[in-house]
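Participant: Encoded as structure tokens, here's the structure I'll be asking about.
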Amino acid sequence: METIDYSLVDWSRAQFALTAIYHWIFVPLTLGLGVIMSIMETIYYKTGNPEWKRITQFWMKLFGINFAIGVATGIILEFEFGTNWSNYSWFVGDIFGAPLAIEGIMAFFMESTFIAVMFFGWKKVSKGFHLASTWLTVIGATLSALWILVANAWMQAPVGMHFNPETVRNEMMDFWAVLFSPVAINKFLHTVTSSWMVGSAFVVGISAWYLLKKREIEFARKSILVAAVFGFFGTLLAAWTGDGSAYEVAQKQPMKLAAMEGLYKGNTHAGLVVFGVLNSDKKSYDDVVEPFKVRYAIPGALSVLSFRNTGAFVPGIQDIMNGGYKMKDSKGNTITALSAEERIVRGKVAIQALADFKAAKAVKNDSLAAVHRATLEANYDHFGYGFIKDKKELVPNVPLTFYAFRLMILIGGFFLLFFIVLWVAARKKMLQNKWLLWLSVLTIPLAYVATQCGWIVAEVGRQPWVIQDIMPTFAAVSHIETGSVKITFFLFAILFTVLLIAEVGIMLKQIKKGPEAAH
């Protein structure tokens, strides 16, 4: 760790963030648009109306363009675990690799199999079989997201594992605990339902463009009605599962929650910030500068959201750093929180115990090895803190996390009202208002901004950890040349930008061409 090259860490993080951001441009549209086109085909199956088949085939074509490019970026993302994050892959590969392998074996093959029937089987299989293939393609894509999100959730809150000092690797002990951890369930549901919002905004925006051009009026009206209803329920579910995710963050990652709220000094009846402007003069968690220039909060709301109790104490950044407050451990017992210094000391004890264990095993002194192993296990919950040089590294980027969280919530609230208005307007055939149609077109990028903000909150807010409390990000990076990472960063940036331009270009061409006769 003494020789770690922090520029290598920064470039590796930048490259992974670049790949993930580009990948997440394509994935939410696949998940959201996939369900919408499946609903449309279900209506066609039920009614036999060929107009619904025509509508389905148009959106399916756009789904296919997006799906192909999304797969390309996703494959690169998985390879980066091996090329740029090999220490991480070695340390937890036995756990992290399992959901990724299942994703490849089950979900990806499921998508690959049925997507061919979906695109080329309209005249070759029955209506029922084709409908089933469409739904199975979408379910396969959603299951792919499930396994990726299970892996990510485990990094945020490790469960179902133990550390084996013989191999210096973490090993899975309980697969079901990993799969069904509350963090994983909430993360999966929140991510998928927010993707439904993206798909709905996409369909609504393009359909509104047709109405503005006075083309495909009935096609556009029906598409907007389906997307608005689906988008409303998707946004409502995203709000509900977002509350569940925030609750889990409060229990498992209190520092992230404090950063999300700009909360430096904890208190009971803690208020939820509905509007705030952070004070840029605040440079450190322990200075005397006030954290906000402007702050409006709902009294007690943060305590309720965090612990379902208006009188609950919500720790701030200073409390987490200084310790001494009462909290629940993973077994539900009330304990006194340790300070950052105490956790760093215990982390160093754990690291030294691991080294002593290996030395004792090398000379075949099993009794001494057992003593060091016991010391290691007693302090393993603080293992990652032993790598921390300066306790201030434990505080994530507060402004970025705070504003990204506020922007995500603001856009989510807007979409909830927006879809209600569109739902009513579509039912009463009042979609001729140009301001509403232009607003519909312009809201497409807003949905993407909201989902990207969600990932910024999740990933920036958990720093400095790649695995919460066990492994800091800088310890996970591969020891490769920084120049190699820089070169590949720019190559990927060019490649992904070209792919994105290609996708947008192909889609625009198809949109301008419009839906064709059902075939």
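The values are calculated or read from the model by the stated rules, or taken from the named source; none is laboratory data. Bear in mind the structure is a predicted one, so any value in this text is a computation, not a measurement. Glycine also receives a Cβ, built like all others from the backbone with ideal geometry; neighbour counts cover every protein chain displayed. All accessible areas refer to the heavy atoms of the entire protein, side chains included, with ligands and DNA or RNA removed. Shrake-Rupley method; radii C 1.70, N 1.55, O 1.52, S 1.80 Å.
Participant: Show me the ranking of peptides 390-397, 40-47, 202-209 by mean Cβ neighbours inside 10 Å, starting with the highest.
Facilitator: In descending order of packing, they fall as 202-209, 40-47, 390-397.
Participant: Now a separate question. At a Förster distance of 60 Å, what's the computed FRET efficiency of residue 517 paired with residue 484, Cβ-Cβ distance as r, to 0.05?
Facilitator: For R0 = 60 Å, the calculated efficiency reads 0.70.
Participant: Then there's this: Points 7 angstrom from Cα along the Cβ direction at residue 330 and residue 46: gap in nanometres?
Facilitator: 4.6 nm
Participant: Sticking with this structure for a sec: Within the stretch 27-153, how many Lys pairs sit with Cα atoms under 14 Å apart, leaving out pairs fewer than 8 places apart on the same chain?
Facilitator: The result is 4.
Participant: At 0.36 nm per residue, minus the direct Cα-Cα distance, what do residue 295 and residue 434 gain on full extension? Give it in nm, one decimal, please.
Facilitator: Numbers: separation 139, 0.36 × 139 = 50.04 nm, distance 3.65 nm.
Roughly 46.4 nm would be gained on extension.
Participant: Could you put 173, 260 in order of accessible surface area, largest first, with the 1.4 Å probe and the full protein assembly present?
Facilitator: 173, 260
Participant: Same structure again: Could you work out Rg/(2.2 N^0.38 Å) for the chain, with Rg from alpha carbons only?
Facilitator: Scaled against compact globular proteins, the figure is 1.06.
Participant: Would you please state which residues of the stretch 454-482 a label at residue 79 would reach in this model, taking the label point 7 Å out along Cα→Cβ and a backbone N cut-off of under 20 Å?
Facilitator: Only 477-482 pass the distance filter.
Participant: Okay, next question. Suppose R0 equals 35 Å. What FRET efficiency, 1/(1 + (r/R0)^6) with r the Cβ-Cβ distance, do residue 508 and residue 424 give to the nearest 0.05?
Facilitator: It comes out at approximately 0.70.
Participant: Under 20 Å from a label point 7 Å along Cα→Cβ of residue 7: give me every residue in the stretch 72-103 with its amide N that close.
Facilitator: Inside the label zone: 84-85.
Participant: Another question, then. Under 30 Å between alpha carbons: how many lysine pairs meet that in the stretch 174-324, if sequence neighbours fewer than 8 apart on the same chain are excluded?
Facilitator: Within the stretch 174-324, the lysine pair count is 18.
Participant: Then there's this: Measure off 7 Å from each Cα along the Cα-to-Cβ vector at residue 410 and residue 368, then give the distance between these two points in nanometres to one decimal.
Facilitator: Placing both labels 7 Å along Cα→Cβ, they lie 6.2 nm apart.
Participant: State the Cα centre-to-centre distance between the stretch 129-173 and the stretch 3-25 in whole Å.
Facilitator: 22 Å
Participant: Using the basic label-point model (7 angstrom from Cα toward the beta carbon), what is the residue 180 to residue 341 distance in nanometres?
Facilitator: The answer from the label model is 4.4 nm.
Participant: Another question, then. For the stretch 453-468 and the stretch 207-237, what is the separation of their C-alpha centers, rounded to whole Å?
Facilitator: Their Cα centres are 34 Å away from one another.
Participant: What is the helix-to-structure angle for 86-102, meaning the angle in degrees between its Cα long axis and the longest Cα principal axis of the chain, kept from 0 to 90 and rounded to the nearest 10?
Facilitator: 40 degrees
Participant: Now for a different question. Counting only other residues whose beta carbon sits under 14 Å from that of residue 48, what net charge do I get with K and R as +1, D and E as -1?
Facilitator: The answer is +2.
Participant: At a Förster distance of 22 Å, what's the computed FRET efficiency of residue 359 paired with residue 171, Cβ-Cβ distance as r, to 0.05? Walk me through the numbers before you get to the answer.
Facilitator: Numbers: r = 22 Å, r/R0 = 1.00.
FRET efficiency, residue 359 to residue 171: 0.50.
Participant: Further, regarding this structure: Work out the length of the dipole vector of the stretch 1-146 about its Cα centre, built from +1 on the beta-carbon of each Lys and Arg and -1 on the beta-carbon of each Asp and Glu, and round it to the nearest 20 debye.
Facilitator: 1160 debye
Participant: If you add up the charges near residue 227, with Lys and Arg at +1 and Asp and Glu at -1, over every other residue whose beta carbon is less than 14 angstrom from its beta carbon, what do you get?
Facilitator: That works out to +3.
Participant: Separation of the stretch 405-430 and the stretch 275-300 by C-alpha centroid, Å?
Facilitator: 31 Å
Participant: Count the net charge of all other residues whose Cβ sits under 15 Å from the Cβ of residue 72, scoring Lys and Arg as +1 and Asp and Glu as -1.
Facilitator: -4
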